[in-house]
Amino acid sequence: MSTEKTTTHEAEEDARNESIKIYVNGEIVPRQQAMVSVYDSGFMLGDGMWEGMRLYDGVWAFFDEHMDRLFSSCKAVSLDIGLDRAGVAAALAATASANNMSTDVHCRLMVTRGLKAKPFQHPGLSRSGPTVVIIMEHSRPAGKLQQYGIRLATVPQVRGLPMSQDAKYNSHSKLNCVIACLQAEQAGADEALMLDPHGFVNTTNACNFFVVRKGQVWTSTGDYCMNGVTRQKVIDLCRSNDIPVFERNYSLIDAVSADEAFLTGTFGAQTPVAEIDGKLIGTGRAGPVTEKIQQLYKQLVQSHVAERQSGG
């Protein structure tokens, strides 16, 4: 097992990313010229939402589900994107075309409440409309993620209650997760395993979390976790392929004694967990159930892409 530091978003180096073009409020500009104002609500307050998506052979995987999450979150905080779904799709297509990108691409779409008239909190001070930014990079997950897996440490920072800051918002306000990540690094791990307010296992600072115990796949109830598109796809795949899957409360003892564990996210799909709090999980690599889910997910993406390419 490797002791080298890694993260679930570690990508293979690609020199092309130094010269990418970025969408900023309708204009596509070189990376070095892509800027937003210091008065922007996102910079000043973390007031905004974002989506992470992947491009496979010209198709944005599960675009509709990502747009469901983005538009729901923005509606809940009275943030008008200024684009409908077709407008977002057109902006993505223009940015991909400008960068000559068609596959192995990761996108971060960011929407903030826009420029503030004064440097204060009230959303009414954001009067000029939203800021929309699209960053696309040539991006393939580093091979060692699948070879060695991720080392997690349980941290004191928890996923909060929905009435404090609902984890289902993909908000720019990520300080809670940043603190958790720092705590994990200080404990010598790659990333943090976060508990919910009642002490049950929830997510990592960056991804949703699953364990495998005696052939059963367990994940959190979903009450306090990120509204993950990949998480839901994994649950659906298990149900349709006779893999027992449960959304339930479970504690740390259930996690550290699991046969396998893995993370889910748009970037890495399913990333194996090597250890939790210094305790080896299984062999420290992807186990048989994780590998089966990885294969089923690849097949799902392939069929989804083929359907979209054919006009479905």
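The values are calculated or read from the model by the stated rules, or taken from the named source; none is laboratory data. Because the structure is a prediction, the values reported are computed rather than measured. Cβ atoms come from the backbone with ideal geometry, glycine included; neighbour counts cover every protein chain shown.
Just one of Ala86, Ala76, Ala90, Ala117 is under 15 Å from Ile28 (Cβ atoms), among the aliphatic types (A, V, I, L, M) and outside the structural domain of Thr271 (by TED's automatic domain parsing); which is it? Can you show your working first?
Values: Ala86 fails: under 15 Å from Ile28 (Cβ atoms); Ala76 fails: under 15 Å from Ile28 (Cβ atoms); Ala117 fails: under 15 Å from Ile28 (Cβ atoms).
Going through Ala86, Ala76, Ala90, Ala117 in turn, just one is under 15 Å from Ile28 (Cβ atoms), among the aliphatic types (A, V, I, L, M) and outside the structural domain of Thr271 (by TED's automatic domain parsing): Ala90.
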Looking for something free of Cβ contacts under 8 Å to residues at least 40 places away in the same chain, among the hydroxyl-bearing types (Ser, Thr, Tyr) and closer than 25 Å to Ser173 by Cβ - is there at least one such residue anywhere in the range 58-80?
yes
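One residue is enough: does the range 234-243 have a residue meeting the conditions under 17 Å from Ser73 (Cβ atoms), modelled with pLDDT of 95 or more, among the basic types (Lys, Arg) and assigned to a helix (DSSP H, G or I)?
Here is the first cut: in the range 234-243, the ones under 17 Å from Ser73 (Cβ atoms) are none.
Within the range 234-243, none of the residues are under 17 Å from Ser73 (Cβ atoms), modelled with pLDDT of 95 or more, among the basic types (Lys, Arg) and assigned to a helix (DSSP H, G or I).
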Please find, within the range 245-266, the residue that is farthest from Gln216 (Cα to Cα) out of those that are touching a helix residue (DSSP H, G or I) at 6+ places or on another chain (Cβ under 9 Å) and not in a strand (DSSP E or B).
Thr266
Anything in the range 66-81 that is buried (at least 16 other Cβ atoms within 10 Å of the Cβ) and either closer than 20 Å to Asn17 by Cβ or out of contact with any strand residue (DSSP E or B) (no Cβ under 6 Å at 6 or more places or on another chain) (or both)? List them, or say none.
Met67, Arg69, Phe71, Leu79
Taking the criterion of being within 17 Å of the chain's Cα centre (by Cα) and at positive phi, would at least one residue in the range 61-84 satisfy it?
yes
Glu51 meets each of (1) modelled with pLDDT of 95 or more; (2) acidic (Asp, Glu); (3) within 26 Å of Tyr297 (Cα to Cα); (4) outside any strand (DSSP E or B) with one exception, condition (4)
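Considering each of Ser164, Ser173 in turn, give the residue that is under 30 Å from Ser78 (Cα atoms), at pLDDT below 95 and either in a strand (DSSP E or B) or over 20 Å from the mean Cα position of the chain (by Cα) (or both).
Numbers: Ser173 fails: either in a strand (DSSP E or B) or over 20 Å from the mean Cα position of the chain (by Cα) (or both).
On inspection, the qualifying residue turns out to be Ser164.
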